[in-house]
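The next block holds one structure in the form of structure tokens; read it before the comments.
The values are calculated or read from the model by the stated rules, or taken from the named source; none is laboratory data. Just so it is clear, the model here is predicted, and its values are computed rather than measured. Quick reminder, even Gly has a Cβ in these numbers, built from the backbone with ideal geometry, and neighbours come from all protein chains shown.
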Number of protein chains: 2
Amino acid sequence: MSTAPVTLPDRLAEFQSAYDELKARGLRLDLTRGKPAADQLALSDALLTLPGAGSYTDAAGTDLRNYGGASGLPELRALFSDALRVPVPQLLALGNSSLTLMHDVLAFAMLHGVPGSERPWGREETVSFLCPVPGYDRHFAITEALGVRMIPVPLNDDGPDIAAVKAALELDPTIKGIWCVPVYSNPTGAVYSEEVARELVSLTAGDDFRIMWDNAYAVHHITDWRPEPIDVLRLAAEAGNPDRVFVFASTSKVTYAGAGVGFLGSSPDNIAWFSHWASFQSIGPDKLNQLRHVELLQSPEGVAAHMEKHRALIAPKFAAVQEVFGRRLAPFGVGSWTDPKGGYFVTLTVSPGVAKRAIALAAEAGIAITPAGSTHPYLDDPEDAVIRIAPTFPTIDDLNAGLEGFCTALLLAEAEKASASAA
Amino acid sequence: MSTAPVTLPDRLAEFQSAYDELKARGLRLDLTRGKPAADQLALSDALLTLPGAGSYTDAAGTDLRNYGGASGLPELRALFSDALRVPVPQLLALGNSSLTLMHDVLAFAMLHGVPGSERPWGREETVSFLCPVPGYDRHFAITEALGVRMIPVPLNDDGPDIAAVKAALELDPTIKGIWCVPVYSNPTGAVYSEEVARELVSLTAGDDFRIMWDNAYAVHHITDWRPEPIDVLRLAAEAGNPDRVFVFASTSKVTYAGAGVGFLGSSPDNIAWFSHWASFQSIGPDKLNQLRHVELLQSPEGVAAHMEKHRALIAPKFAAVQEVFGRRLAPFGVGSWTDPKGGYFVTLTVSPGVAKRAIALAAEAGIAITPAGSTHPYLDDPEDAVIRIAPTFPTIDDLNAGLEGFCTALLLAEAEKASASAA
């Protein structure tokens with residue numbers, strides 16, 4: 001946490017006039033969402049003509065144009081099985097979004113309960129979930145929409161704060177789960193250690209306690225470092241809690257954000273449970289789109305090679321964040337920020353009470369930043385200090401302009417606060 | 001309902017030996033599901049290379065490869081708007097299955113209630129649905145899976161028996177909806193009259209009573225006759241119940257059964273309600289697959305022309321059903337069957353207590369028929385008399401062999417019953 005250096009109040013007038021100039025430029029820039037840029041999408045444009053004339057069967061000869069195949073194309077599941085550490089029979093390939101699978105797992109839990117539940121979660125007085133913060137706004141939105149109470153716990157650099165998690169579980173028997181983004185966590189870039197994962201699957205909790213293991217960025221590296229994938233299902237089984245974990249992933253940031261494939265992995269019992277309830281909802285996913293993906297990506301090595309092309313396009317954008325923040329903010333001791341080795345976000349922490357104001361000032365100058373509070377349950381960051389930066393979607397020029405402008409807005413907000421404190 | 005003619009017991013030995021011969025042939029034929037055949041799927045094989053290199057934007061210039069577009073591609077919605085009688089702004093184009101939309105509408109109703117609900121349906125003591133019979137097994141399966149009680153009402157040739165519907169509603173305040181397949185109903189082929197539709201939308205019922213209007217076969221004609229589409233949303237608005245109806249449809253039997261597009265149409269308030277809850281579940285459907293469909297089908301006239309090609313392939317199969325039943329069953333007064341002008345099914349009604357036995361005999365001879373009872377809630381046809389015939393999926397040769405064999409099995413079952421009655 002930075003403390004406002006004494007020089008800031010002296011700079012108030014200077015920062016104000018820089019901000020006025022920024023506003024006068026009438027920018028229109030959007031740094032809000034973790035979306036791939038057009039050049040990243042173009043890496044998968046072979047999908048536009050795949051699977052190709054005459055290509056509509058899988059290796060077993062099944063006609064993929066027709067109904068059926070509720071678990072998804074075996075060849076595609078095999079392609080991601082190793083990276084996700086989920087055996088093919090326990091890995092489903094389904095629709096175009098892992099978000100849908102997360103929602104539906106929780107919705108099925110509310111409507112029917114999960115293996116180990118005494119009753120549907122919706123029949124409980126209260127159901128609560130632990131939400132490591134900062135975290136992902138869409139996780140929190142699903143949780144809130146389904147009427148599940150959210151309890152924030154701190155996210156450390158190696159995963160959720162286990163002492164806080166244990167303390168919450170001891171106090172509150174209504175807790176039935178926890179959200180996790182184990183690799184390049186949204187938004188800090190934290191990578192869970194195997195030690196923390198082992199603690200999570202070993203927690204003393206109810207039989208229907210579930211870890212929502214959203215492995216959204218398993219192969220989304222932007223440095224040469226490769227975190228060793230955590231075999232969380234094996235760890236859970238070893239801990240005597242084989243049904244504790246649902247693994248989620250997708251190709252949304254591998255191929256097309258809007259037309260990819262979502263994956264759900266879990267224990268045999270959980271997969272049987274999900275497949276049972278999903279059988280009323282669907283006669284099978286779009287297997288032709290899955291075939292397109294197999295033909296585009298070909299092999300696990302093909303996936304890795306494809307992700308290197310993404311890295312080449314987005315690593316410079318992450319570098320730009322470090323460069324601009326280092327040059328514009330560090331000299332004033334303003335802010336601290338993460339330097340993620342993958343994923344889609346950087347977390348910037350500013351002085352308490354400054355995040356909302358800085359984002360509002362940026363918005364007035366035409367620079368859209370993810371709303372303050374989005375990283376916390378109920379959009380409530382009690383410190384008003386955490387800002388999520390999403391650098392991938394704009395062009396590098398727009399990104400640089402947006403970051404420079406945002407620093408101008410943030411410096412003004414910090415100087416305002418420092419002046420008010422000094423007064 | 002046929003009554004067993006006196007000649008049947010005399011034929012028992014003859015039918016038994018015909019059946020023994022059939023069994024000895026070791027057939028393997030499947031007449032169970034309403035699936036398109038491979039030659040029908042091939043009509044849409046342009047989808048295998050569409051949308052084509054460089055084609056990934058909609059008319060407004062939006063990049064369809066990325067996230068977003070929660071309502072679906074406007075151009076595709078426009079293509080089906082007239083046939084479904086739903087204005088484009090009230091018609092969503094979503095994932096690959098209308099079944100998913102039916103499930104999710106009911107699941108959202110259970111979890112959250114619909115506009116007009118006092119509380120989530122799942123918080124009610126009991127929620128019940130009217131199920132016109134014979135009806136569609138997957139409708140009943142969704143209903144049962146979500147814990148909704150099912151009450152059968154008769155389906156007439158022009159829609160649900162309105163007197164029975166009114167009587168049920170007067171007796172039972174827990175009834176919150178009714179399933180309807182208004183055009184070429186699954187499985188009888190009944191086509192609702194506008195008069196019956198007007199009665200349904202005018203029923204005295206709770207504010208959250210909903211009609212699940214599954215217009216699965218709106219454009220699936222197999223004769224020259226074209227039923228005038230019913231503007232059920234307008235009728236509901238005119239009756240003062242604008243939010244009463246959810247309209248469902250899909251291209252599953254227009255293009256690819258497994259890789260088509262599902263549609264949901266309703267009143268502005270219902271669509272806002274659905275879109276709100278769906279926004280937690282999805283960042284948007286696969287819009288590239290929707291673009292493929294626009295490029296393949298082009299216009300409402302293009303859809304109609306495409307459906308004529310289906311008709312050319314499946315009308316002979318429906319004719320085969322009439323021919324075989326007429327030749328094999330009519331001489332013995334066995335069975336009565338519908339002669340649908342579209343859709344995917346024929347309903348055969350046999351003597352009470354004979355359906356299960358006939359289907360079991362057919363199964364023993366290697367001919368799979370949709371299980372008896374599938375046409376009724378809880379798989380319970382109290383008369384054990386209704387059999388659903390699905391003629392589209394087999395080749396015409398397999399279909400003929402399957403029908404002949406099934407008639408052999410049915411004649412034996414009827415003769416067994418007649419003999420037992422005569423004894």
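Can you confirm whether B:F15 is in contact (Cβ under 8 Å) with a residue 12 or more places away in the chain, touching a strand residue (DSSP E or B) at 6+ places or on another chain (Cβ under 9 Å) and surrounded by 15 or more Cβ atoms within 10 Å (Cβ to Cβ)? First the steps, then the outcome.
On the way: in contact (Cβ under 8 Å) with a residue 12 or more places away in the chain: yes; touching a strand residue (DSSP E or B) at 6+ places or on another chain (Cβ under 9 Å): no; surrounded by 15 or more Cβ atoms within 10 Å (Cβ to Cβ): yes.
It is false that B:F15 is in contact (Cβ under 8 Å) with a residue 12 or more places away in the chain, touching a strand residue (DSSP E or B) at 6+ places or on another chain (Cβ under 9 Å) and surrounded by 15 or more Cβ atoms within 10 Å (Cβ to Cβ).
Scanning for something small (G, A, S), modelled with pLDDT of 95 or more and over 28 Å from A:S97 (Cβ atoms), does region A:150-162 turn up at least one residue? Steps first, please.
Pass one, region A:150-162, residues small (G, A, S): A:159.
Restricting the remaining residues to those that are modelled with pLDDT of 95 or more gives A:159.
After this cut, where a residue has to be over 28 Å from A:S97 (Cβ atoms) as well, the list is none.
No, region A:150-162 contains no residue that is small (G, A, S), modelled with pLDDT of 95 or more and over 28 Å from A:S97 (Cβ atoms).
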message: Taking the condition of being touching a helix residue (DSSP H, G or I) at 6+ places or on another chain (Cβ under 8 Å) and in a loop (DSSP other than H, G, I, E, B), how many residues in region B:221-233 meet it?
response: 5
query: Can you name the residue in region A:88-101 that is part of a helix (DSSP H, G or I) and within 9 Å of another protein chain (Cβ to nearest Cβ) and is also nearest to the chain's Cα centre (by Cα) among such residues?
result: A:L99
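Go through region B:30-59 residue by residue and tally those that are modelled with pLDDT of 95 or more and within 30 Å of B:A385 (Cα to Cα). Steps first, please.
Filtering region B:30-59 down to residues modelled with pLDDT of 95 or more leaves B:35-58.
Cutting the leftovers down to within 30 Å of B:A385 (Cα to Cα) gives us B:35-37.
Final tally of qualifying residues: 3.
Sort out which residues of region A:261-283 are over 15 Å from A:D214 (Cβ atoms) and part of a loop (DSSP other than H, G, I, E, B), and write them in order of number. Spell out how you get there, then give the answer.
Of all residues in region A:261-283, those over 15 Å from A:D214 (Cβ atoms) come to A:261, A:267-283.
Within region A:261-283, A:V261, A:S267, A:S279, A:F280, A:Q281, A:S282, A:I283 qualify.
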query: Picking from A:P352, A:P394, A:P382, which residue would you name as being surrounded by fewer than 22 Cβ atoms within 10 Å (Cβ to Cβ), without any contact (Cβ under 8 Å) to a residue 12 or more places away in the chain and outside any helix (DSSP H, G or I)?
result: A:P382
- request: Kindly indicate which of B:P89, B:P74, B:P51, B:P36 is closer than 22 Å to A:G52 by Cα, assigned by TED's automatic domain parsing to the domain that holds B:P229 and not basic (K, R).
  value: B:P51
- request: From the list A:A205, A:A218, A:A236, A:A249, pick out the single residue that is farther than 20 Å from A:I142 by Cβ and outside any loop (DSSP other than H, G, I, E, B).
  value: A:A236
message: Looking only at region A:9-67, how many residues end up being under 28 Å from the mean Cα position of the chain (by Cα) and in a helix (DSSP H, G or I)?
response: 9
- line: A:A360: passes all of (1) part of a loop (DSSP other than H, G, I, E, B); (2) of a type outside the set (S, T, N, Q); (3) over 20 Å from A:T338 (Cα atoms) but (1)
message: Where the second residue is crowded, with 21+ Cβ neighbours inside 10 Å and among the charged types (D, E, K, R) and the first is not assigned by TED's automatic domain parsing to the domain that holds B:V219 and lies in region B:316-342, which pairs have Cβ atoms under 7 Å and are six or more apart or on separate chains?
response: B:V334/B:E414
field: Looking only at region A:240-286, and only at residues there that are out of contact with any helix residue (DSSP H, G or I) (no Cβ under 9 Å at 6 or more places or on another chain) and at the interface with chain B (Cβ under 8 Å from one of its Cβ atoms), the one that is nearest to A:A42 (Cα to Cα)
entry: A:P285
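Identify, from the list B:R85, B:R149, B:R77, the residue that is surrounded by fewer than 24 Cβ atoms within 10 Å (Cβ to Cβ), more than 12 Å from every other protein chain (Cβ to nearest Cβ) and either under 24 Å from B:P242 (Cβ atoms) or among the small types (G, A, S) (or both). Steps first, please.
Working: B:R149 fails: either under 24 Å from B:P242 (Cβ atoms) or among the small types (G, A, S) (or both); B:R77 fails: surrounded by fewer than 24 Cβ atoms within 10 Å (Cβ to Cβ).
Result: B:R85 is the single residue among B:R85, B:R149, B:R77 that is surrounded by fewer than 24 Cβ atoms within 10 Å (Cβ to Cβ), more than 12 Å from every other protein chain (Cβ to nearest Cβ) and either under 24 Å from B:P242 (Cβ atoms) or among the small types (G, A, S) (or both).
Determine whether A:L203 is surrounded by fewer than 22 Cβ atoms within 10 Å (Cβ to Cβ), in contact with a Phe, Trp or Tyr (Cβ under 9 Å, 6 or more places away or on another chain), away from chain B (no Cβ under 14 Å) and at pLDDT 95 or above.
Working: surrounded by fewer than 22 Cβ atoms within 10 Å (Cβ to Cβ): yes; in contact with a Phe, Trp or Tyr (Cβ under 9 Å, 6 or more places away or on another chain): yes; away from chain B (no Cβ under 14 Å): yes; at pLDDT 95 or above: yes.
Here the answer is yes, as A:L203 does meet what is asked.
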query: Is it the case that A:A70 is within 7 Å of chain B (Cβ to nearest Cβ), part of a loop (DSSP other than H, G, I, E, B) and among the aliphatic types (A, V, I, L, M)?
result: no
- prompt: Of the residues that make up region A:354-377, is at least one closer than 30 Å to A:R65 by Cα and out of contact with any Cys (no Cβ under 8 Å at 6 or more places or on another chain)?
  reply: no
message: Please go through region A:173-202 and give me each residue that is touching a Leu at 6+ places or on another chain (Cβ under 9 Å), under 19 Å from A:D243 (Cβ atoms) and without any contact (Cβ under 8 Å) to a residue 40 or more places away in the chain, ordered by number.
response: A:A197, A:S202
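If I ask for residues that are among the charged types (D, E, K, R), more than 18 Å from B:K341 (Cβ to Cβ) and in contact (Cβ under 8 Å) with a residue 60 or more places away in the chain, which ones from region B:267-315 would you list? Break it down into steps so the answer makes sense when it comes.
Of the residues in region B:267-315, the ones among the charged types (D, E, K, R) are B:269, B:286-287, B:292, B:295, B:301, B:308-309, B:311.
Checking the rest, the ones that are also more than 18 Å from B:K341 (Cβ to Cβ) come to B:269, B:286-287, B:292, B:295, B:301.
Answer for region B:267-315, where residues must be among the charged types (D, E, K, R), more than 18 Å from B:K341 (Cβ to Cβ) and in contact (Cβ under 8 Å) with a residue 60 or more places away in the chain: B:D269, B:D286, B:K287, B:R292, B:E295.
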- request: May I ask you to verify whether B:P115 is touching a helix residue (DSSP H, G or I) at 6+ places or on another chain (Cβ under 7 Å) and either surrounded by fewer than 19 Cβ atoms within 10 Å (Cβ to Cβ) or more than 14 Å from chain A (Cβ to nearest Cβ) (or both)?
  value: yes
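Residue-wise test of (1) within 17 Å of B:V88 (Cβ to Cβ); (2) touching a strand residue (DSSP E or B) at 6+ places or on another chain (Cβ under 9 Å); (3) surrounded by fewer than 22 Cβ atoms within 10 Å (Cβ to Cβ).
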position	(1), (2), (3)
B:A272	yes, no, yes
B:H276	no, no, yes
B:I283	no, no, yes
B:D286	no, no, no
B:N289	no, no, no
B:V294	yes, no, no
B:Q298	yes, no, yes
message: Which count do you get for residues in region A:355-369 that are under 19 Å from A:P134 (Cα atoms), free of Cβ contacts under 8 Å to residues at least 40 places away in the same chain and surrounded by fewer than 23 Cβ atoms within 10 Å (Cβ to Cβ)?
response: 1
query: Any idea which of (1) within 25 Å of A:R33 (Cα to Cα); (2) in the same structural domain as B:D398 (by TED's automatic domain parsing) is the one B:R25 doesn't satisfy?
result: (1)
query: Which residues, counting only those in region B:38-62, are of a type in the set (D, E, K, R) and either more than 9 Å from chain A (Cβ to nearest Cβ) or surrounded by 19 or more Cβ atoms within 10 Å (Cβ to Cβ) (or both)?
result: B:D39, B:D58
